[in-house]
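Colleague: So that we are looking at the same thing, I have put the structure below in structure tokens.
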Ligand SMILES: [Zn+2]
């Protein structure tokens, strides 16, 4: 890694002496997500409603997944880091991001047997060389001692880019996009899965992926992402 990546801050680009991925100033600007948040969706509460509570949204429309957790809000430096991993081939960032995810996702990691990444369609994988979510999933598995299952889920339909789409359009966009391969079904049967993605926006992608895993025989599915958009409707601000 030292030979390949120059010691510059992934947030602002200044030199960092010790090959740290972030300088001290950028590090302090990252907004980590802490409780209290909805115990199901992981959405932070605007007001302190106390810990251990479930949001009205999760009660009205229970998601297919059990619980979702995220390390940071998707803005500022955290957004640059996520985009650096996605578009700039800075695979060195995955280790730091995964460490933050392990800290934020302790409960969902403990409740899981195997880790699966939200897959890219192979056409996009070809043009981008690697799947950023798989990089994160592999690093989370290494740090937590869980097993990473790289072929557990396939994206069978190339979907439009989700950027700029609202919830309904995103749901339509990802419907039927994922499938568990026949060869993996015996391995997935009844197993508790941690589904890893880089950014959670409306939740439409992880919802569709969760449904596909359950159709494939999986037991409970929990979700862990690096970042999440603060509240629905804001994703277009960051797109
Ligand atoms: Zn910096």
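Colleague: Restricting attention to the range 12-33, and to residues there that are under 17 Å from residue 229 (Cβ atoms) and assigned to a loop (DSSP other than H, G, I, E, B), which single residue is farthest from the ligand (Cβ to nearest atom)?
Modeller: It comes out as 33.
Colleague: With (1) away from the ligand (no atom under 16 Å from the Cβ); (2) touching a helix residue (DSSP H, G or I) at 6+ places or on another chain (Cβ under 8 Å); (3) more than 30 Å from residue 185 (Cβ to Cβ) as the list, and residue 57 as the residue in question, which single condition is left unmet?
Modeller: Condition not satisfied by residue 57: (2).
Colleague: Additional query: Could you run through the range 1-11 and say how many residues are at pLDDT 70 or above and in a loop (DSSP other than H, G, I, E, B)?
Modeller: Count: 4.
Colleague: Tell me which of these residue 63 doesn't satisfy, since it passes every other one: (1) within 16 Å of the ligand (Cβ to nearest atom); (2) touching a helix residue (DSSP H, G or I) at 6+ places or on another chain (Cβ under 8 Å).
Modeller: Of (1) within 16 Å of the ligand (Cβ to nearest atom); (2) touching a helix residue (DSSP H, G or I) at 6+ places or on another chain (Cβ under 8 Å), only one is false for residue 63: (1).
Colleague: Now a separate question. Where residues in the range 106-162 are at pLDDT 95 or above and in a strand (DSSP E or B), which of them is surrounded by the most Cβ atoms within 10 Å (Cβ to Cβ)?
Modeller: So the residue we want is 116.
Colleague: Exactly one of these conditions fails for residue 36: (1) loosely packed, with under 15 Cβ neighbours inside 10 Å; (2) at pLDDT 85 or above; (3) within 16 Å of the ligand (Cβ to nearest atom). Give me its number.
Modeller: The number of the failed condition is (3).
Yes or no, residue by residue, for (1) outside the structural domain of residue 226 (by TED's automatic domain parsing); (2) free of Cβ contacts under 8 Å to residues at least 24 places away in the same chain; (3) part of a helix (DSSP H, G or I):
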residue	(1), (2), (3)
35	yes, yes, no
58	yes, yes, yes
72	no, no, no
78	no, no, yes
86	no, no, yes
95	no, no, yes
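Colleague: So which residues in the range 167-193 are surrounded by fewer than 18 Cβ atoms within 10 Å (Cβ to Cβ), in contact (Cβ under 8 Å) with a residue 40 or more places away in the chain and over 14 Å from residue 114 (Cα atoms), if there are any at all?
Modeller: 167
The values are calculated or read from the model by the stated rules, or taken from the named source; none is laboratory data. Owing to the predicted nature of the structure, the values given are computational and were not obtained by experimental measurement. Positions of Cβ are generated from backbone atoms using ideal geometry, with glycine treated the same way; all protein chains shown enter the neighbour counts.
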